[in-house]
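K.L.:
Please read through the structure below; I'll follow up with questions.
The values are calculated or read from the model by the stated rules, or taken from the named source; none is laboratory data. Because the structure is predicted, anything quoted here is derived from the model rather than measured. FYI the Cβ positions are ideal-geometry reconstructions off the backbone, even for glycines, and counts take in every protein chain you see. Accessible surface is based on the protein model in full, side chains and every heavy atom, while ligands, DNA and RNA are left aside. Shrake-Rupley method; radii C 1.70, N 1.55, O 1.52, S 1.80 Å.
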Amino acid sequence: MNITRTLLSVAALLLMPACGNGDDTSTTVPAASTSTNTPSSVAPTTATTGAPATTTPTTPASTTAPTTATTTPAATTVAVWPAADVVLSTPEAAAEGFVRDVFGVEPVLGEFLQGDSRSGEIEVLPPLEASGGAPRSVLFLRQLGAADGWFVIGAGSDADSITAPETGTAVPAGPLTVEGQGTGFEATIVVRAFLAGDASNELDRQVVMAGNFGETAPYSTTLDLSGADAGDVVVLLVSGGVGLETDTGDFSAIAVVIAS
């Protein structure tokens with residue numbers, strides 16, 4: 001499924017081995033090799049006219065100075081669900097727990113599609129009684145931490161998306177503008193913020209107008225994150241209802257970090 005620009009960032013994060021649970025790594029840019037030109041020796045030149053022999057002085061060739069290596073910090077992967085101290089042994093367990101915790105419905109999921117050796121995707125499907133059969137979202141999953149637990153690191157949908165801020169962004173503990181595209185039942189969508197791993201710990205929720213009948217339209221709203229502390233991982237989630245309580249509707253989710 002074609003995911004929006006924000007979720008391409010999420011997909012990119014999938015390939016990173018770093019951990020949002022304190023297991024950050026660094027990528028070292030190798031130092032450029034030092035190239036030393038050895039000074040060349042020129043034999044003395046002797047005059048043939050009887051004059052004293054003269055020696056042509058030799059000038060050593062220049063030597064290239066070594067380049068100092070620089071270290072670029074690796075990007076950090078932050079998780080949406082579960083909490084950092086919870087270890088789940090399978091991606092299916094993480095996906096099911098996320099849907100139950102966030103939406104309070106029985107999960108209907110597709111098969112796990114392996115990405116690299118530590119990541120993959122699972123589609124969230126509508127319930128059998130729903131009229132539309134298209135997937136509601138794609139959950140991006142990755143193994144993180146020393147225990148290699150499985151985490152949901154984001155979710156993406158073309159119907160309801162977040163284009164700003166970007167995933168992993170450091171944001172202030174205060175008003176935050178959230179923008180994207182959306183569609184929902186009677187043109188309403190819900191944008192909310194909660195602490196990662198616990199959807200019941202909600203910081204703010206706004207109901208805004210967007211597109212209707214499957215047609216997307218831009219939205220923009222402001223969420224108040226003043227209840228979060230520095231270093232907290234906060235989930236931003238947009239969802240468009242379909243008028244059925246057992247259906248998640250289309251949704252996207254990203255994680256941001258409260259700046260210190």
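K.L.:
Within the range 133-144, how many residues are closer than 19 Å to THR248 by Cα, crowded, with 16+ Cβ neighbours inside 10 Å and not β-branched (Val, Ile, Thr)?
P.N.:
6
K.L.:
Regarding THR169, is this residue under 19 Å from the mean Cα position of the chain (by Cα) and hydroxyl-bearing (Ser, Thr, Tyr)?
P.N.:
Spelling it out, THR169 is indeed under 19 Å from the mean Cα position of the chain (by Cα) and hydroxyl-bearing (Ser, Thr, Tyr).
K.L.:
Here is a further query. Just the residues that are under 23 Å from the mean Cα position of the chain (by Cα) and open to solvent by 50 Å² or more (accessible area, probe 1.4 Å), please, taken from the range 201-225.
P.N.:
If the condition is that a residue be under 23 Å from the mean Cα position of the chain (by Cα) and open to solvent by 50 Å² or more (accessible area, probe 1.4 Å), then ASN201, GLU202, ARG205, PRO218, SER220, THR222, ASP224 are the ones that fit.
K.L.:
Identify all residues within the range 177-191 that are within 19 Å of the chain's Cα centre (by Cα), open to solvent by less than 20 Å² (accessible area, probe 1.4 Å) and either over 20 Å from SER137 (Cα atoms) or of a type outside the set (A, V, I, L, M) (or both); write none if there are none.
P.N.:
GLY180
K.L.:
Scan the range 77-132 residue by residue and report those that are in a loop (DSSP other than H, G, I, E, B), open to solvent by 70 Å² or more (accessible area, probe 1.4 Å) and of a type in the set (Asp, Glu).
P.N.:
Matches in the range 77-132: ASP85, GLU106, GLU111, GLU129.
K.L.:
Could you figure out which of (1) in contact (Cβ under 8 Å) with a residue 40 or more places away in the chain; (2) open to solvent by 10 Å² or more (accessible area, probe 1.4 Å); (3) farther than 23 Å from VAL124 by Cβ isn't true of ASP158?
P.N.:
It is condition (3) that ASP158 fails.
K.L.:
Which condition breaks for GLN143 when tested against (1) in a strand (DSSP E or B); (2) at positive phi?
P.N.:
Answer for GLN143: the failing condition is (2).
K.L.:
Separate question: Would you confirm whether or not the range 208-231 contains a residue that is touching a residue at least 40 places away in the same chain (Cβ under 8 Å), farther than 22 Å from GLY133 by Cα, among the β-branched types (Val, Ile, Thr) and in contact with a strand residue (DSSP E or B) (Cβ under 9 Å, 6 or more places away or on another chain)?
P.N.:
For the range 208-231, residues touching a residue at least 40 places away in the same chain (Cβ under 8 Å), farther than 22 Å from GLY133 by Cα, among the β-branched types (Val, Ile, Thr) and in contact with a strand residue (DSSP E or B) (Cβ under 9 Å, 6 or more places away or on another chain): present.
K.L.:
If you go through the range 115-145, how many residues are free of Cβ contacts under 8 Å to residues at least 24 places away in the same chain and among the aromatic types (Phe, Trp, Tyr)?
P.N.:
Selection size over the range 115-145: 0.
K.L.:
Of all residues being surrounded by fewer than 15 Cβ atoms within 10 Å (Cβ to Cβ) and under 20 Å from the mean Cα position of the chain (by Cα) in the range 226-237, which is nearest to ALA196 (Cα to Cα)? Just the residue, please.
P.N.:
Among them, the one singled out is GLY231.
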